Amino acid sequence: MRLSVLDLAPVRTDQSSPDALAATMRLAKLADGLDYTRYWVAEHHNVPSVAATSPAVLIAMLAAATSRVRIGSGGVMLPNHAPLAVAEQFALLEAAYPGRIDLGIGRAPGADPVASMVLRGPVGRGDRDTDDFPDHLDDLIALLGSAGVSVELPDGSYVLRATPHALSSPRVFLLGSSMASARVAAAKGLPYVFGHHLFGEQTAEALALYRSEFVPSEVAGEPITFLTVNIVVAETHAEATALTLPHLHLQARTATGQPPVRLELVEEAQQASLTPQQQRFARGELERAVVGTPAEALAQLRELARRFGVDEVMLNPVASARRGTDPATAPGRESTLALLADTMN
């Protein structure tokens, strides 16, 4: 069972943005020294609890600070960007760190409506983004290749390339959490990463659809499936549960329409209360997450990998911290990766 890491660069109530990025750098270096396959960072905008706003910038920082683990995006939200801009960014990253760059692509906005409008611009974007997504994905992949894309103009063709002379290309993955994303990944012959940490209701159905409709491509000759999962591992089950509580509160409040806030510390979450609706949502989140001792977590991960038949599991370490923790560190997230790796070995 291959394990990788998904990092949103969470921001706790005791942290600034520099603190959160420092903690992410520490976590990436730890994963690099352990047996994790990939380290991916997300794209979210105008979210107080997430410092990962620009995957390409963060990937450059992380790749420079590591030497072995593959670094990538989980993912770049393509509707927010022109395909050429994304292709140029990741072609440059691949040229700087050949064989280590992954480009995970998503079609969700990763932002609230206002931030999305500002990112995309009011003219010629918006509702058409979802319909145009497959074509934009084709353009992006072609731009990453050495041949580039030929644009037909009235006076002839014009060739666009993401970089002057590519020797290799980043590995492209499609991210999703729905039947629609599974169908696109299958039609394009791309590896498919299902966001089980976001929505677990359609996991089995989406993966089955992807496998049944998969069309081999130059990117992948056969179906390749990943699963993402929220995880907290600690020496005791009680401590793992306590470190998970702030994440459960954050997700439950966001899902029920409360304004987004930073991630609470454990003591803050223990003193807070949820509405009955929020409590039901938090229980669902907890049931879908992997929480416990190293042995318990490893057993849960193996069962998830077996049940869904995936090639790789991506861990989103969501542990918060206790009062008095150095703000530039995330010991609960670090121990999650370290304890699990020790148990695997």
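The values are calculated or read from the model by the stated rules, or taken from the named source; none is laboratory data. The structure presented is a predicted model; accordingly, all values stated were derived computationally and were not measured. Ideal geometry is used to build each Cβ from the backbone, glycine not excepted, and the neighbour counts take in all protein chains shown. Surface areas here come from the heavy atoms of the whole protein model, side chains and all, with no ligands, DNA or RNA. Shrake-Rupley method; radii C 1.70, N 1.55, O 1.52, S 1.80 Å.
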Starting from the stretch 58-87, keep only residues that are free of Cβ contacts under 8 Å to residues at least 40 places away in the same chain and outside any helix (DSSP H, G or I), then list their pairs with residues that are charged (D, E, K, R) and open to solvent by 40 Å² or more (accessible area, probe 1.4 Å) whose Cβ atoms are within a distance under 7 Å, requiring at least 6 positions of separation or different chains. 66/29
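Have a look at 115, 185 and point out the one that is over 30 Å from residue 304 (Cα atoms), surrounded by 15 or more Cβ atoms within 10 Å (Cβ to Cβ) and not hydroxyl-bearing (Ser, Thr, Tyr).
Details: 185 fails: over 30 Å from residue 304 (Cα atoms).
That would be 115, the only listed residue that is over 30 Å from residue 304 (Cα atoms), surrounded by 15 or more Cβ atoms within 10 Å (Cβ to Cβ) and not hydroxyl-bearing (Ser, Thr, Tyr).
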Report those helices (runs of 4 or more DSSP H) wholly inside the stretch 237-345 carrying at least 3 residues which are of a type in the set (S, T, N, Q) and open to solvent by 20 Å² or more (accessible area, probe 1.4 Å). 237-255
Which one of the conditions (1) open to solvent by 30 Å² or more (accessible area, probe 1.4 Å); (2) over 22 Å from residue 12 (Cα atoms) does residue 207 fail to meet, given that it meets all the rest? (1)
Just to be sure I understand the filter: pairs with C-beta atoms under 7 Å, separated by 6 or more residues or on different chains, first member in the stretch 290-311 and within 16 Å of residue 194 (Cβ to Cβ) and touching a residue at least 12 places away in the same chain (Cβ under 8 Å), second member part of a helix (DSSP H, G or I) and small (Gly, Ala, Ser). Which pairs pass? 290/297; 308/204
Scan the stretch 188-200 and tell me whether some residue there is in contact with a Phe, Trp or Tyr (Cβ under 9 Å, 6 or more places away or on another chain) and open to solvent by 30 Å² or more (accessible area, probe 1.4 Å). no
Give me the pairs: first residue in the stretch 37-52 and farther than 18 Å from residue 71 by Cβ and in a strand (DSSP E or B), second residue open to solvent by 40 Å² or more (accessible area, probe 1.4 Å) and of a type in the set (D, E, K, R), beta-carbon distance under 8 Å, and six or more apart or on different chains, which are they? 45/112
Out of (1) outside any helix (DSSP H, G or I); (2) at pLDDT 80 or above; (3) out of contact with any Phe, Trp or Tyr (no Cβ under 8 Å at 6 or more places or on another chain), the one residue 105 does not meet is (3)
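Being over 20 Å from the mean Cα position of the chain (by Cα) and either of a type in the set (Lys, Arg) or modelled with pLDDT of 85 or more (or both) is the filter; apply it to the stretch 115-133 and report the residue that is nearest to residue 168 (Cα to Cα). Explain how you work it out, then say what you get.
Initial filter on the stretch 115-133 (over 20 Å from the mean Cα position of the chain (by Cα)): 117-118, 120-129, 131-132.
Still in the running and either of a type in the set (Lys, Arg) or modelled with pLDDT of 85 or more (or both): 118, 120, 125, 128, 132.
Numbers: 118: 33, 120: 29, 125: 31, 128: 32, 132: 27 Å.
So the residue we want is 132.
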Taking the stretch 7-65 as the region of interest, how many residues are of a type in the set (Val, Ile, Thr), surrounded by 23 or more Cβ atoms within 10 Å (Cβ to Cβ) and under 20 Å from residue 98 (Cα atoms)? 2
Unique residue being out of contact with any Asp or Glu (no Cβ under 9 Å at 6 or more places or on another chain), of a type outside the set (Asp, Glu) and not in a loop (DSSP other than H, G, I, E, B) when the list is 212, 146: 212
Only one of 177, 150 is surrounded by fewer than 13 Cβ atoms within 10 Å (Cβ to Cβ) and of a type in the set (Ser, Thr, Tyr). Can you tell me which? 150
Number of the exception - residue 158 against (1) open to solvent by 90 Å² or more (accessible area, probe 1.4 Å); (2) within 21 Å of residue 219 (Cα to Cα); (3) touching a Ser or Thr at 6+ places or on another chain (Cβ under 8 Å): (2)
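With respect to residue 99, determine if the residue is at positive phi and not in a helix (DSSP H, G or I).
Numbers: at positive phi: yes; not in a helix (DSSP H, G or I): yes.
For residue 99, the condition - at positive phi and not in a helix (DSSP H, G or I) - is met.
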